[in-house]
Amino acid sequence: MARVLINIPAAARRGEIIPIRTLIQHTMETGYRPGADGEVLPRDIIRRFTCTYDGEEVFSAEFSPAIAANPFLSFTLVTTNSGPVVLRWEGDNGFAQTETREITVA
Amino acid sequence: MITTRRLLLAAPAVLLLPQASRASPEAMTEAVQAFTRGATVRSGRVAMDISPLVENGNTVPLSVIVDSPMTAENYVRAIAVFNQRNPQPHVITVRLSPRAGRAILATNIRLATSQVLLAVAELSDGSFWSDSTQVVVTLAACVEG
């Protein structure tokens, strides 16, 4: 499991726009860089990120090798109901990680 | 003998072959057209925020904000960022819904060299808007190792 840093407010008012910041540990090997032996290292990147909240995909992203190592993403969402915010990263070599954070909406 | 000579004559031509994987302004235009499906892109409504002078191309903070009320009738469907001189023209594509609240995106990108970046936004009415920025990179992202 890759280490993640996720910043989501634990509580918010209904209809409030809340910021979400995520960072996941990943080398994001571009596939253009030679290693110590001179051979080009095979590509190993996170290709897709999705954020699902209250039964709907609110935000998704497709990454290229041009995304820096340890991909950082910041975006916003509108609070509707209390429940889980599900963040999922998928990538090369079967990489998949899902993180869930509960949010309380008053 | 003839084959050897032919090989020798052909060698410089092989060396001069362009690297297929290199992005170029033309490759960026193609990538943008694939994203817009051939629709015209107007300049405006999109604001890209990136430092004009980048010291380290390995991690460059980039943010894109699109001017939109983000209501069910009028929202930003997608934002894509393209570059001219990285190995690939595409940087990132994000898809939004009205429930995102704001059409804003921030991330860290890699830049192989000084170049022009282009951010394109697709609105729910089917129109496309863009903003471009010239960035100068002093230390490139390690494409060469």
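The values are calculated or read from the model by the stated rules, or taken from the named source; none is laboratory data. Keep in mind it's a predicted model, so treat the numbers as computed, not measured. Every residue, glycine as well, gets a Cβ built from its backbone with ideal geometry; the counts of neighbours run over all protein chains shown.
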Top-ranked residue of the stretch B:101-125 - restricted to ones that are part of a loop (DSSP other than H, G, I, E, B) and out of contact with any Lys or Arg (no Cβ under 9 Å at 6 or more places or on another chain), ranked as farthest from A:ILE24 (Cα to Cα)
B:ASP125
Identify, by number, the condition in (1) modelled with pLDDT of 95 or more; (2) at the interface with chain B (Cβ under 8 Å from one of its Cβ atoms) that A:TRP89 doesn't meet.
(2)
The lone exception for B:LEU96 - which of (1) among the hydrophobic types (A, V, I, L, M, F, W, C); (2) surrounded by fewer than 19 Cβ atoms within 10 Å (Cβ to Cβ); (3) within 13 Å of another protein chain (Cβ to nearest Cβ) it fails
(2)
Take A:ARG33 and decide whether it is without any contact (Cβ under 8 Å) to a residue 12 or more places away in the chain and of a type in the set (Lys, Arg).
yes
Scan the stretch A:69-85 for residues that are more than 10 Å from the chain's Cα centre (by Cα) and either outside any loop (DSSP other than H, G, I, E, B) or farther than 18 Å from A:ASN7 by Cβ (or both) and jot them down.
A:ALA69, A:PHE75, A:THR76, A:LEU77, A:VAL78, A:THR80, A:ASN81, A:SER82, A:GLY83, A:PRO84, A:VAL85
Subset of the stretch B:42-101 that is touching a helix residue (DSSP H, G or I) at 6+ places or on another chain (Cβ under 6 Å), farther than 17 Å from A:PHE75 by Cβ and hydrophobic (A, V, I, L, M, F, W, C) - its residue that is modelled with the lowest pLDDT
B:ALA72
Among the residues of the stretch B:52-80, how many are more than 14 Å from every other protein chain (Cβ to nearest Cβ) and either free of Cβ contacts under 8 Å to residues at least 60 places away in the same chain or under 16 Å from the mean Cα position of the chain (by Cα) (or both)?
4
Name every residue in the stretch A:38-68 that is part of a strand (DSSP E or B) and hydroxyl-bearing (Ser, Thr, Tyr), in order of residue number.
A:THR50, A:THR52, A:TYR53, A:SER60
Near pairs, Cβ below 7 angstrom, 6+ apart or cross-chain, from the stretch A:1-28 (free of Cβ contacts under 8 Å to residues at least 60 places away in the same chain) to any residue that is of a type in the set (Lys, Arg)
A:ASN7/A:ARG21; A:GLN25/A:ARG3
Go through the stretch A:86-106 and give me each residue that's of a type in the set (S, T, N, Q) and either assigned to a strand (DSSP E or B) or in contact with a Gly (Cβ under 7 Å, 6 or more places away or on another chain) (or both).
A:GLN97, A:THR98, A:THR100, A:THR104
Residue set B:GLY101, B:GLY126; condition free of Cβ contacts under 8 Å to residues at least 40 places away in the same chain and on the phi > 0 side of the Ramachandran plot; output residue B:GLY101
Is the stretch A:13-28 home to any residue that is closer than 17 Å to B:VAL94 by Cβ, at pLDDT 90 or above and within 7 Å of chain B (Cβ to nearest Cβ)?
yes
Report whether or not A:ILE20 is β-branched (Val, Ile, Thr), exposed (fewer than 15 other Cβ atoms within 10 Å of the Cβ) and under 21 Å from the mean Cα position of the chain (by Cα).
no
Take the stretch A:43-56 and flag every residue that is more than 13 Å from the chain's Cα centre (by Cα) and either within 10 Å of chain B (Cβ to nearest Cβ) or in contact (Cβ under 8 Å) with a residue 40 or more places away in the chain (or both).
A:ARG43, A:ASP44, A:TYR53, A:ASP54, A:GLU56
